[in-house]
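The values are calculated or read from the model by the stated rules, or taken from the named source; none is laboratory data. Since we're looking at a predicted model, the values are computed, not measured. Positions of Cβ are generated from backbone atoms using ideal geometry, with glycine treated the same way; all protein chains shown enter the neighbour counts.
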Amino acid sequence: MGLNLTQKIIKEHLVSGEMKQGTEIGLRIDQTLTQDATGTMAYLEFESMKIPRVKTELSVAYVDHNMLQSGFENADDHRYIQSAAHKYGLKFSRPGNGICHQVHLERFGIPGKTLIGSDSHTPTAGGLGMIGIGAGGLDVAVAMGGGAYYINMPGVIKVNVTGKLKPFVTAKDVSLELLRRIGVKGGTGKIVEWTGEGIRTLSVPERATITNMGAETGATTSVFPSDEITEKFLKAQGRGDAYKPLAADPDAEYEEIIDIVLDEVEPLIACPHSPGNVVTVASLAGTKVDQVCIGSCTNSSLYDMKKAAALLKGKTIADSVSMSVSPGSRQVLSMLAESEALNNIIQSGARLLECGCGPCIGMGFSPNSGGVSLRTFNRNFEGRSGTRDAKVYLVSPETAVASALAGCITDPRTLGEMPEITMPDTFKVNDSAIILPLDEKDAADAEVIKGPNIKDFPQARPQKDVLEAVLILKAGDNISTDHIMPAGSKVLPYRSNIPKISEFCFTVVDETFPARAKEAGESIVVGGNNYGQGSSREHAALAPLYLGVRAVIARNFARIHAANLINAGIMPLTFRNPDDYDRLTQGDMLRISGVHEGMDKGTMILEDLTNGEKYELECSFTERQKAMLKAGGLLEYTKNAK
């Protein structure tokens, strides 16, 4: 029996365990990336390990999230990250150089390599034939120190692609088509492997759009083969020597096969407030639009920008629409500026924003009250845009432009003939905004600069054998990390200050949560299905840790968040009977006895001391995870293992 592409790359990087689905494996990590919203904690964690130099083949520190320097906090964090990168052997991508995933695709991605990043959209690199996985900052810190990255061996879904996209139908629509079929949980515990004759019609930027959005299905990652399309892209970036052909064996087996005929895909749109709430654009035609945003790590490539510019040429957006365009990298912006494309965008009435994440994480350009915003982004969770009652839809650049021109949701196929888009044979390469680290000798005496906003990592709390605590919050289904730890310009500046950022914890759900949790001392949170979906931000575990949350009990969890909870020393537990969720009431006093024995057995008993009922809970911790929880989390476990 042959191997699929996922198995081939994992086999080459396997340092512990067996490629048996559902069992824990350890992977050697070739590359890491961080962005500034998560990077400060990752480098504080790396420093605490007392390792003088990163041990990966390549590690890059990007600044792309907290770009608004409305106070000293973000500027201090940027300076800290740069000084840490300088000392510990990382490349540093300056603010304004671009979104981490776009820049990494252009300048650093290598087929067949492993990459973990402290951002959930690290799977973007799968467009180049990499295994790129989003992880918590602490996992990234351990990998930078030479440690393995541990996950359960995923199952592999094969998406067999045939045909060719019709005009005005895009890779974004293909992503939304997969979400329409399998939803935001359908990829949990899986890797999505794209193959078939149809992929030869998709460029690397289009493939990267698809692997980027794969994160919204809950998938561990997504990956394309490395073929002549990959080689062409790498040569155009002046990196042809990085090319390596990679593909599944003809007799490879898969857990599931999904067929997508590109000719049959039509323009799609994800409705509020979930990337999985997908319908056709035509079905919503005529809905008034207040705001349109083009950009983000999903759709900010030169290809996407040139398409938008061509459709805007000689036209003006509707008077009622506010529109932004955010190029994904300085390379993209430079090449737009050297053609008429940038002028077409500016003359249309759109606002040109900096090369960064910006509106995608609520960092400026928030919609008006109750506004309808069409975005070429990957997430539309409630409040993520910075406006709590906004209605955010996810669309392709073509649909975004068509709707901006009309002032209402518009099927882009009504625009007539799609302009022909040609891509350059070579890209403009200027890496002057990538700062190289000091050599090892000079780095020994280099200073790491910390401003007053940078606080220490929260104190570890080893799991006791008896946990008695109040049910401090009962949350519903699809609670995202944006619900737990909001983004936006008011919150993000405190990413390196856990005491301060904890004041915003769960306030989207319950404004009283931080004060109540702090007063309770120790507490338990209960959630529904798909708890912790979305971002890889470990702050969604660290802030609850600081506030005394000791366990989260849910119907089921999103992968990255469950791992981050364990890394922080918080137990993620599930109801054996999902209906037991309905029997618990916020404010009840709960007790779990025999915690350590329960970890070994895989079951625990939850006593509701308020109503006298008992419920069975399940857990499936590996030996390593049990030791982590008993130690108080991954950081203490790593220190003790030395």
Residues being outside any loop (DSSP other than H, G, I, E, B) and more than 25 Å from residue 476 (Cβ to Cβ) - total across the stretch 493-510: 5
Filter pass, residue 514 being in contact with an Asp or Glu (Cβ under 6 Å, 6 or more places away or on another chain), surrounded by fewer than 22 Cβ atoms within 10 Å (Cβ to Cβ) and of a type outside the set (Ser, Thr, Tyr): yes
Qualifying residue in the stretch 403-424 (condition: among the charged types (D, E, K, R), closer than 21 Å to residue 99 by Cα and buried (at least 19 other Cβ atoms within 10 Å of the Cβ)): no
Qualifying helices (runs of 4 or more DSSP H) (wholly inside the stretch 531-642; at least 1 residues being over 24 Å from residue 276 (Cβ atoms), free of Cβ contacts under 8 Å to residues at least 40 places away in the same chain and touching a Cys at 6+ places or on another chain (Cβ under 8 Å)): 595-601
Strands (runs of 3 or more DSSP E) completely within the stretch 209-289 that count 1 or more residues being surrounded by 15 or more Cβ atoms within 10 Å (Cβ to Cβ) and within 22 Å of the chain's Cα centre (by Cα): 221-223, 268-270, 278-280
Residue match in the stretch 514-524 (condition: of a type in the set (D, E, K, R), within 18 Å of the chain's Cα centre (by Cα) and not in a loop (DSSP other than H, G, I, E, B)): no
In the stretch 93-119, the residues that are more than 13 Å from residue 132 (Cα to Cα) and surrounded by fewer than 24 Cβ atoms within 10 Å (Cβ to Cβ): 94, 95, 96, 107
Qualifying residue in the stretch 391-401 (condition: surrounded by fewer than 24 Cβ atoms within 10 Å (Cβ to Cβ) and either in contact with a Lys or Arg (Cβ under 7 Å, 6 or more places away or on another chain) or closer than 28 Å to residue 36 by Cβ (or both)): no
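Matching residues to (1) at pLDDT 95 or above; (2) among the aromatic types (Phe, Trp, Tyr); (3) buried (at least 24 other Cβ atoms within 10 Å of the Cβ):
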site	(1), (2), (3)
321	yes, no, no
324	yes, no, no
334	yes, no, no
342	yes, no, no
347	yes, no, no
350	yes, no, yes
354	no, no, no
357	no, no, yes
364	no, no, no
Residue list for the stretch 1-33, restricted to those being of a type in the set (A, V, I, L, M) and touching a residue at least 60 places away in the same chain (Cβ under 8 Å): 1, 3, 5, 9, 10, 15, 19, 25, 27, 29, 33
Qualifying residue in the stretch 60-82 (condition: of a type outside the set (Phe, Trp, Tyr) and closer than 17 Å to residue 115 by Cα): yes
Condition met for residue 470 (over 30 Å from residue 554 (Cβ atoms) and β-branched (Val, Ile, Thr)): no
Options 70, 93, 83; residue that is under 20 Å from the mean Cα position of the chain (by Cα) and more than 26 Å from residue 227 (Cβ to Cβ): 93
Test set (1) under 26 Å from residue 220 (Cα atoms); (2) at pLDDT 95 or above - residue 559 fails condition number: (2)
Filter pass, residue 465 being charged (D, E, K, R), touching a helix residue (DSSP H, G or I) at 6+ places or on another chain (Cβ under 6 Å) and on the phi < 0 side of the Ramachandran plot: yes
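Okay, residues lined up against (1) among the hydroxyl-bearing types (Ser, Thr, Tyr); (2) modelled with pLDDT of 90 or more; (3) more than 20 Å from residue 573 (Cβ to Cβ); (4) within 22 Å of the chain's Cα centre (by Cα):
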{"residue": "443", "(1), (2), (3), (4)": "no, yes, yes, no"}
{"residue": "448", "(1), (2), (3), (4)": "no, yes, yes, no"}
{"residue": "455", "(1), (2), (3), (4)": "no, no, yes, no"}
{"residue": "459", "(1), (2), (3), (4)": "no, no, yes, no"}
{"residue": "467", "(1), (2), (3), (4)": "no, yes, no, no"}
{"residue": "479", "(1), (2), (3), (4)": "no, yes, no, yes"}
{"residue": "483", "(1), (2), (3), (4)": "no, yes, no, yes"}
Boolean, residue 278 is of a type outside the set (Ser, Thr, Tyr), at pLDDT 95 or above, farther than 21 Å from residue 418 by Cβ and in contact with a Leu (Cβ under 6 Å, 6 or more places away or on another chain): yes
Subset of the stretch 65-104 [charged (D, E, K, R), at pLDDT below 95 and touching a helix residue (DSSP H, G or I) at 6+ places or on another chain (Cβ under 7 Å)]: 73, 77
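Listed here are the residues, each with its yes/no results for (1) among the aliphatic types (A, V, I, L, M); (2) surrounded by 18 or more Cβ atoms within 10 Å (Cβ to Cβ); (3) under 18 Å from residue 214 (Cβ atoms); (4) free of Cβ contacts under 8 Å to residues at least 60 places away in the same chain.
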| position | (1), (2), (3), (4) |
| --- | --- |
| 141 | yes, yes, no, no |
| 145 | no, yes, no, no |
| 156 | yes, yes, yes, no |
| 160 | no, no, yes, no |
| 169 | yes, yes, no, no |
| 174 | yes, yes, yes, no |
| 177 | no, yes, yes, no |
| 188 | no, yes, yes, no |
| 193 | no, yes, yes, no |
Where residue 491 falls short, out of the listed (1) in contact with a Phe, Trp or Tyr (Cβ under 7 Å, 6 or more places away or on another chain); (2) surrounded by fewer than 20 Cβ atoms within 10 Å (Cβ to Cβ): (2)
Members of the stretch 1-50 that are surrounded by 20 or more Cβ atoms within 10 Å (Cβ to Cβ) and part of a strand (DSSP E or B): 25, 27, 31, 32, 33, 34
Residue identified as among the hydrophobic types (A, V, I, L, M, F, W, C), surrounded by 24 or more Cβ atoms within 10 Å (Cβ to Cβ), within 25 Å of residue 223 (Cβ to Cβ) and in contact (Cβ under 8 Å) with a residue 12 or more places away in the chain among 81, 151, 131: 131
